[in-house]
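The values are calculated or read from the model by the stated rules, or taken from the named source; none is laboratory data. A quick note: this is a predicted structure, and the numbers were derived from the prediction, not measured. Note that each Cβ is placed from the backbone with ideal geometry, even for glycine, and that neighbours are counted across all protein chains shown.
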Amino acid sequence: MSILTGMETLSAFSLTQEDWHNLLLSEGGTVHLLPFWLDGLYKDRSIWTKHVSASLLQRLEDKLDFSLPQISQVQESQDGTVKFLIRFKDQFEVETVLIPFHKRFTVCLSTQVGCGMNCSFCYTGTQGLKRNLTSGEIVGQYMVAMNWLKQKNPKSLKPSIVFMGQGEPLHNASEVSRAIKIFNNTKLLDIGHRQMTLSTVGFLPGLKLLKDFPSINLALSLHSPFDQQRKSLIPINERFPLNEVMQELDHLTSLKKRIITYEYLLIKDFNMSDSHVEELYQLLGKRPAVLNLIPFNPFPGSNWERPEREEIDAFKEKLVAKKLRVMVRTTKGADILAACGQLKVNKLARKNGTH
Ligand code: SF4
């Protein structure tokens, strides 16, 4: 049974190029109209005034919902991070975050309202899954953030995308896959497949579908190389243990020749010992992998502490000495609680959502 309840009329932003082609033809349009129509939808609607007849436009408006989700709140951080609270038609809300990175922004998109994965470092998980977002709502979040950015600075580049907001993207694989096709299509939003990263906690049924997705970057929330400890952070590790997840990732890397990023939350006195270094080496040493270290962002009521700068550096050095490729993620937007894992949506809060 579908849990999609957010849209009554199909969103115009959930249609692929092929869908538009078929729909325009069935409504009496021509093939030549398609590029003008798509440019009008994604760039500037005034294009329609010149190229689309009023009657065709009316027929399409009767069939589809052309509206975007609403911004119900915007917070801007001193470092340029912007956090939006985005409201859908059924009044459910998610957070969407614009993160400055060099000369470009990255937009962090949500894929579900709530989440069913119940990760212990993330409050969203404790709220349970409310519903999946549709592809139109996922694309809609992007459009809203991009339009806001363009209004501030018309010369701003199109933001890159990370699927790291609220929800487990592979638990909503079909809608996320459709959204990626819409983002990636050169006639629609034209975002390169290397400009998109999907982050998962290792939801195996969804991972198995990735071979049919456009080939975007992939990140796995690892957080511990030990099953027992990882399970305490990511409960679905019980159903889908790390060795099965790694097997599937190996299969994917051989098929699609890609390097996988492994996200690793650094928690003081928890997952930063020498045995963790050794086990990480055993796990990743021979794989095409980048280890992304993410210092834990404390939140009110959290049981864990962020390690000191010296501890982070020492852990990193030990991994580098093992010839692992390691990065440390810098914190953005901490003053507006938009840093990774600090997102909070009314009662739906997401603490360290580094999936
Ligand atoms: S970290 Fe991600 S997958 Fe885990 S509960 Fe939070 S939103 Fe869900």
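Return yes when LEU265 is crowded, with 20+ Cβ neighbours inside 10 Å, within 15 Å of the ligand (Cβ to nearest atom), at pLDDT 90 or above and assigned by TED's automatic domain parsing to the domain that holds ASP79 and no when it is not. Break it down into steps so the answer makes sense when it comes.
Values: crowded, with 20+ Cβ neighbours inside 10 Å: yes; within 15 Å of the ligand (Cβ to nearest atom): yes; at pLDDT 90 or above: yes; assigned by TED's automatic domain parsing to the domain that holds ASP79: yes.
Yes, satisfied.
Take region 289-327 and flag every residue that is part of a loop (DSSP other than H, G, I, E, B) and either in contact (Cβ under 8 Å) with a residue 60 or more places away in the chain or of a type in the set (Ser, Thr, Tyr) (or both).
Residues satisfying the conditions are PHE296, PHE299, SER302, TRP304.
Determine, yes or no, whether LEU204 is within 16 Å of the ligand (Cβ to nearest atom) and under 20 Å from the mean Cα position of the chain (by Cα). It would help to see each step written out before you state the result.
Values: within 16 Å of the ligand (Cβ to nearest atom): yes; under 20 Å from the mean Cα position of the chain (by Cα): yes.
Yes: the conditions hold for LEU204.
Go through region 234-261 and report how many residues are within 15 Å of the ligand (Cβ to nearest atom), surrounded by 13 or more Cβ atoms within 10 Å (Cβ to Cβ) and over 20 Å from the mean Cα position of the chain (by Cα).
Qualifying residue count for the region: 3.
Given the conditions (1) at pLDDT 95 or above; (2) surrounded by 15 or more Cβ atoms within 10 Å (Cβ to Cβ); (3) part of a helix (DSSP H, G or I), and given that MET272 satisfies all but one, which numbered condition is not satisfied?
It fails just one condition, (3).
Return the pair list, or none, for Cβ contacts closer than 6 Å from residues in region 168-180 that are among the acidic types (Asp, Glu) to residues that are crowded, with 23+ Cβ neighbours inside 10 Å and in a helix (DSSP H, G or I), at least 6 apart or on different chains.
What qualifies is GLU175/SER135.
Since VAL82 meets every condition but one in (1) touching a Leu at 6+ places or on another chain (Cβ under 7 Å); (2) within 12 Å of the ligand (Cβ to nearest atom); (3) of a type in the set (Val, Ile, Thr), which condition does it not meet?
Condition (2) is where VAL82 drops out.
Which of the residues that make up region 50-78 are surrounded by fewer than 16 Cβ atoms within 10 Å (Cβ to Cβ), in contact with a strand residue (DSSP E or B) (Cβ under 9 Å, 6 or more places away or on another chain) and assigned to a loop (DSSP other than H, G, I, E, B)?
Selection gives PHE66, SER67.
Given the criterion within 16 Å of the ligand (Cβ to nearest atom) and without any contact (Cβ under 8 Å) to a residue 24 or more places away in the chain, identify the matching residue among THR186, THR126. Can you show your working first?
Details: THR186 fails: within 16 Å of the ligand (Cβ to nearest atom).
Step by step, each of THR186, THR126 is checked, and only THR126 is within 16 Å of the ligand (Cβ to nearest atom) and without any contact (Cβ under 8 Å) to a residue 24 or more places away in the chain.
Give LEU85, LEU98, LEU109 a once-over and let me know the one that is closer than 24 Å to GLY128 by Cα and either among the acidic types (Asp, Glu) or buried (at least 20 other Cβ atoms within 10 Å of the Cβ) (or both). Steps first, answer last, please.
Working: LEU85 fails: either among the acidic types (Asp, Glu) or buried (at least 20 other Cβ atoms within 10 Å of the Cβ) (or both); LEU98 fails: closer than 24 Å to GLY128 by Cα.
After applying the criteria, what remains is LEU109.
Please state which of the following conditions PHE105 fails to meet, knowing it meets all the rest: (1) more than 9 Å from the ligand (Cβ to nearest atom); (2) touching a Gly at 6+ places or on another chain (Cβ under 9 Å); (3) closer than 29 Å to PHE240 by Cβ.
The failed condition is (3).
Report, ordered by the first and then the second residue, all pairs with beta carbons closer than 6 Å, sequence separation of six or more or different chains, a first member in region 86-98 that is on the phi < 0 side of the Ramachandran plot, and a second member that is small (Gly, Ala, Ser) and in a strand (DSSP E or B).
As it stands, the answer is ARG87/SER72, since those pairs meet every condition given.
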